[in-house]
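To keep things clear, I will list the structure first and then write my remarks on it.
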Amino acid sequence: MVKNKTITSFFKRKNEEQQVEGIDDEIQESKRQKGSTSEPVIGPDTCNEQPSEIPQANINEVDVSSLERDPAKRLEMWKYPVAARKQVRLEYISLGVYQPKLEEYKPRGPKNNLRRFKFAWFRMFPNWLEYSPTTHKAYCFLCYLYKDKPNEQSGHSAFSCEGFDNWKKVNDGNNCPLLKHIKSSTHKKAFVFATNLVNQEAHIENFIEKQSEEQKRKNRLRLKGTIDVVEDMKLKKRKRAV
């Protein structure tokens with residue numbers, strides 16, 4: 001079962017930093033447990049790899065009705081044709097953040113100190129946090145939408161491309177990577193970018209609707225004018241007949 005957000009609910013402003021009090025309990029629990037001193041090895045930054053030549057496909061070749069939801073499997077934004085990216089982004093926003101509720105999230109770490117993703121974190125970070133059941137890692141939905149350059153040095157590729165799974169660090173108070181991520185300039189820019197995109201689309205739809213009403217009014221006036229001309233011609237014809 002996947003929990004989806006709509007466009008209207010997606011950008012509802014929330015103070016996420018005040019919603020993470022629930023993490024404190026986990027922090028206390030982690031202090032009572034024997035922690036591992038080793039840090040997980042993060043793979044190479046595949047986000048920064050230069051792409052092979054990507055043909056500029058026609059926008060009609062992009063089927064937005066069947067976009068991949070899994071953040072680990074979906075196509076990177078910069079691989080879409082430039083002309084299609086706005087449509088793809090809006091479709092993803094319409095689909096919402098990918099937050100699957102699983103019976104069990106895969107654990108990682110040493111056997112005596114296993115850690116795993118927690119569904120409760122979706123409630124703490126409802127507007128951007130995603131999870132892939134394929135890689136068992138967390139991702140940032142907003143940064144995915146924003147990132148359209150393969151060699152972009154954002155410093156937050158773990159959330160936008162590689163995926164994050166250092167669950168032990170989530171219990172590290174103010175050093176929690178999830179909290180640090182929402183404070184990053186990249187994430188803030190991504191939030192503004194997505195918000196502006198939705199607002200712009202709403203403005204365009206508004207404009208089209210108003211324009212449509214205006215067009216109807218003009219059409220009625222033209223029709224009335226045509227009827228008046230026809231009636232006038234009939235009247236003149238009758239007068240000549242007399």
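If only one of P126, P110 is within 19 Å of V192 (Cα to Cα) and either touching a residue at least 60 places away in the same chain (Cβ under 8 Å) or surrounded by fewer than 19 Cβ atoms within 10 Å (Cβ to Cβ) (or both), which one is it? Only one candidate qualifies: P126.
Per the conditions (1) part of a loop (DSSP other than H, G, I, E, B); (2) under 18 Å from L67 (Cβ atoms); (3) at pLDDT 85 or above, the sole criterion not satisfied by D148 is (3).
Got a sec? Which of S160, S184 is of a type in the set (S, T, N, Q) and crowded, with 21+ Cβ neighbours inside 10 Å? Step through it out loud before you land on a result.
Details: S184 fails: crowded, with 21+ Cβ neighbours inside 10 Å.
Answer to the selection: S160.
So in the stretch 94-107, with the set limited to residues that are within 20 Å of the chain's Cα centre (by Cα) and not small (G, A, S), which one is surrounded by the fewest Cβ atoms within 10 Å (Cβ to Cβ)? By that ranking, first place goes to K101.
Out of the residues in the stretch 116-136 that are outside any loop (DSSP other than H, G, I, E, B) and in contact with a Cys (Cβ under 8 Å, 6 or more places away or on another chain), which is farthest from E103 (Cα to Cα)? Residue satisfying both the conditions and the ranking: L129. Scanning the stretch 66-84 for residues that are in a loop (DSSP other than H, G, I, E, B), among the hydrophobic types (A, V, I, L, M, F, W, C) and surrounded by fewer than 16 Cβ atoms within 10 Å (Cβ to Cβ) yields L67, L75. Counting residues in the stretch 188-209 that are in a helix (DSSP H, G or I), at pLDDT 90 or above and small (G, A, S) gives one or more.
The values are calculated or read from the model by the stated rules, or taken from the named source; none is laboratory data. Given the structure is predicted, the values throughout are model-derived calculations rather than measurements. All Cβ positions, glycine included, derive from the backbone under ideal geometry; neighbour counts span all protein chains shown.
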